[in-house]
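The values are calculated or read from the model by the stated rules, or taken from the named source; none is laboratory data. Nothing here was measured: the structure is a model prediction, and the numbers come from that model. Every residue, glycine among them, receives a Cβ derived from its backbone with ideal geometry; neighbour counts consider all protein chains shown. Ligands, DNA and RNA are excluded from the accessible area calculation, which covers all protein heavy atoms including side chains. Shrake-Rupley method; radii C 1.70, N 1.55, O 1.52, S 1.80 Å.
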Amino acid sequence: MSPDRKQLMLGPISPAAPGALYQQIVDGFKREISEGRLAPGAPLPSFRLLAEDLLVSVITVKRAYEELEREGIIYRRQGLGTFVADHGLDRSRTAKLNTARDLIRQASREAAEAGLKPSEILHLARQIIQGT
Amino acid sequence: MNEHAIELRGLKKSYFPFQLGPLDLTVPRGAIYALIGPNGAGKTTALDLIMGMGRRDAGDIRVFGLDHQRDSVEIKRRAGYVGPELNFQVWGKVGRAVRFVRGFYPDWDDAYCAELMKVFHLTAGDRIASLSFGAKTKLSLLLALSHRPELLLLDEPTTGLDAISKQQVFAELLKAVEPGERTVLISSHGLADIERFADHVALIKEGRLLLHGRMDEVVDRFRLAEFFTADGRGIPFRDGFIVLKQEGNRWQAVLDQQQGIPGWLQSQGAQQLSLTPMTLEDLFIALVREKEAA
């Protein structure tokens, strides 16, 4: 068993959580990378090992890796394996920032539809961030 | 090495009034391939024919590129089978059944067999007659897996298993295909499990293939749609558009995105079209019902 196996702990991958399983794996890696638990150059487990670990099909893991590779967060070296890209940290953070922007946009639309004025929405956001 | 574990070409078999096929199916090597369909669709018939039980009426079956009749001994040596009618009771105890089956396979792996015994909570001294239904199924799986076959044919292996046992079985199957050379062809009604664990899926109904492909692509191809039409306006029937419910001008339907149905619907006057992803189970029910109605 490869040593990278036990170190890696993605969040729970469940059909009850929002998003397709492959998307949950993508998000899990982005979180590990953006929070520094997976450093640039670190190897990722093989498709099959991760599939076995997460109890999902190989196709699901493959699709998640393809997505991460497309976003430039990881790269594949023929015969060597898959690794976190040098810019993986920045790209993960950028991806997280984009997701946050979309969610804030959605939240402010919902709040506006509930009849809140922009100043009230900002007030609400401040309350939530400060935990009051 | 042949890249296909199984190739079926124009396979036919009839037990009046049921007819299987003509069925064309390719199972890639290294995959967990699921065969799903309603009761009586022909899943067991197809699996039995592949395993060399019963004669086909027409068509070709190739396993590892080998001819399924000429090379049947070679194929049986390299394949493992678990079916609903296997009965090991005559061997008395688990250990005796293991020793008996072991004798047929030069590739039998004692260490792996011992490991599976532990995982499945079986011991050599267990009396087979007093095992629960689920434990008997696990014994079948253990006997099929222990010679590390390149191909596993599993006919409803998780029927009657509790949630924990099911997870153990799928974990073992994922482990078995991990090196990338082994292939699993599994028939099952546990669609939520199948959606999670299988790489490929084929849906059969009345002996015919309705749909097949990579699991993610098959599931992602269809959407549950809700839309409205202007007063009194109907929508014509067409392939890839399955109406589930209609009340006045409000519609619910399943759409095949590959056939461009969302765009077509809008051209037919559908308004406020909203699309929701579907599970394999949703899709199964919609497709199988549609064919029943037709």
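Key figures for this structure:
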quantity: Net charge of neighbours whose Cβ lies under 12 Å from the Cβ of residue B:130, counting Lys and Arg as +1 and Asp and Glu as -1; calculated: +2
quantity: Convex hull volume per residue in cubic angstrom - Cα atoms of region A:14-85; calculated: 88
quantity: Region B:253-294: proportion of alpha-carbon pairs further apart than 17 angstrom, %; calculated: 40
quantity: Relative contact order (%) - criterion: Cα under 8 Å, at least six apart; region: chain B; calculated: 21
quantity: For region B:146-294, the spread of Cα positions along each principal axis, largest first, Å; calculated: 65, 28, 28
quantity: Mean projection area, nm², convex hull over Cα of region B:105-221; calculated: 8.7
quantity: Residues whose placed amide H lies under 5 Å from that of residue B:244, excluding near-sequence neighbours; calculated: B:252, B:253, B:254
quantity: Minimum 40 Å² accessible area buried by the other protein chains, region B:194-214 residues, probe 1.4 Å, relative to alone; calculated: B:196, B:199, B:214
quantity: Zero-based 5 Å bins, Cα pair distances in chain B, whole percents; calculated: 1, 5, 11, 14, 15, 14, 12, 9, 7, 5, 3, 2, 1, 1, 0
quantity: Summed buried accessible area for A+B [probe radius 1.4 Å, Å², rounded to 100]; calculated: 1400
quantity: Equivalent ellipsoid semi-axes - Cα gyration tensor, chain A, angstrom; calculated: 34, 16, 13
quantity: Percentage of interatomic Cα-Cα distances in region B:36-124 larger than 20 Å; calculated: 51
quantity: Region A:64-132 - Debye-derived log10 I(q)/I(0), Cα point model, q = 0.12, 0.14, 0.17, 0.24 Å⁻¹; calculated: -0.52, -0.61, -0.71, -0.99
quantity: Residue with peak Gaussian network fluctuation, chain B [Cα springs, cutoff 10 Å], from B:257, B:168, B:272; calculated: B:272
quantity: Of every Cα-Cα pair in the protein assembly as shown, the percent that sits beyond 28 Å; calculated: 60
quantity: Kirkwood Rh and Cα Rg combined as Rg over Rh, evaluated for region B:75-120; calculated: 0.95
quantity: Residue-by-residue Karplus 3J(HN,Hα) for region B:224-231, coefficients 6.51, -1.76, 1.60, Hz, glycine and proline x; calculated: 7, 10, 10, 7, 10, 10, 5, 2
quantity: Subset of B:76/B:166; B:93/B:136; A:62/B:166; A:62/B:175; B:12/B:43; B:118/B:166 violating a 21 Å alpha-carbon distance limit; calculated: B:76/B:166; A:62/B:166
quantity: DSSP-defined antiparallel bridges as percent of all bridges, chain B, nearest 5; calculated: 70
quantity: Sequence of B:18, B:227 from largest to smallest accessible area, 1.4 Å probe; calculated: B:18, B:227
quantity: Ellipticity estimate at 222 nm from DSSP helix runs (n ≥ 4, -39,500 (n - 2.57)) divided over the protein assembly as shown, nearest 500; calculated: -12500 deg cm²/dmol
quantity: Two-decimal Rg to Rh for region B:1-78 - Kirkwood Rh, Cα set; calculated: 0.95
